[in-house]
Amino acid sequence: MGEGPQNNDFLILVVDDEFEVRQNSMLKLKANGFNVVTAESGSEALDICSKQHVSIGIIDYFMPEMTGEELINS
């Protein structure tokens with residue numbers, strides 16, 4: 001049986017305007033072996049995505065200035 005991808009092969013981006021949500025999500029994911037970066041806004045998330053390959057995004061829908069849907073469609 002071959003080995004599949006490991007948790008640390010993925011970079012997860014957590015985008016939320018609430019600090020506690022970002023922090024708790026990051027800590028839980030890191031405890032399970034994932035590489036995680038966070039952003040507090042859609043524009044910050046776009047900046048991160050322009051510099052790093054993000055495998056998975058966990059994105060809040062309701063954020064000031066740019067919704068999660070607008071971020072996905074950018």
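Every number here is computed from the coordinates shown, using simple stated rules; none is lab data. Quick caveat: nothing in here was measured; it's all calculated off a predicted structure.
Taking amide H positions as modeled 1.01 Å from N, with prolines and chain starts lacking one, the residues under 5 Å from ILE58 and 5 or more places away or on another chain are LEU13, VAL14, VAL15. Computed from backbone phi with θ = phi - 60° and the Karplus coefficients 6.51, -1.76 and 1.60, the 3J(HN,Hα) list for region 30-47 is 5, 5, 9, x, 8, 7, 9, 10, 10, 9, 9, 8, x, 5, 5, 5, 4, 4 Hz; x is used for glycine and proline.
Take the Kirkwood radius over Cα pairs of the chain, plug it into Stokes-Einstein at 10 °C and 1.306 mPa s, and you get 125 µm²/s for translational diffusion.
Across region 13-25, computed HN-Hα scalar couplings (Karplus, 6.51 cos²θ - 1.76 cosθ + 1.60, θ = phi - 60°) run 9, 9, 10, 7, 7, 9, 4, 4, 5, 4, 5, 5, 4 Hz from first to last residue, x flagging Gly and Pro. With the helix formula -39500 (n - 2.57) applied to DSSP H stretches of n ≥ 4, the chain reaches a computed 222 nm mean residue ellipticity of -11000 deg cm²/dmol. Database remark: amide H of MET66 closer than 5 angstrom to the amide H of GLY42 (H placed geometrically; neighbours at sequence offset of 5 or more, or on other chains; Pro and chain starts carry no H). Using C-alpha pairs under 8 Å with a sequence gap of at least 6, the mean separation divided by the residue count of the chain gives a relative contact order of 36 percent. For ASN35, the residues 5 or more places off, or on other chains, whose built amide H falls under 5 Å of its own are PHE10, ILE12.
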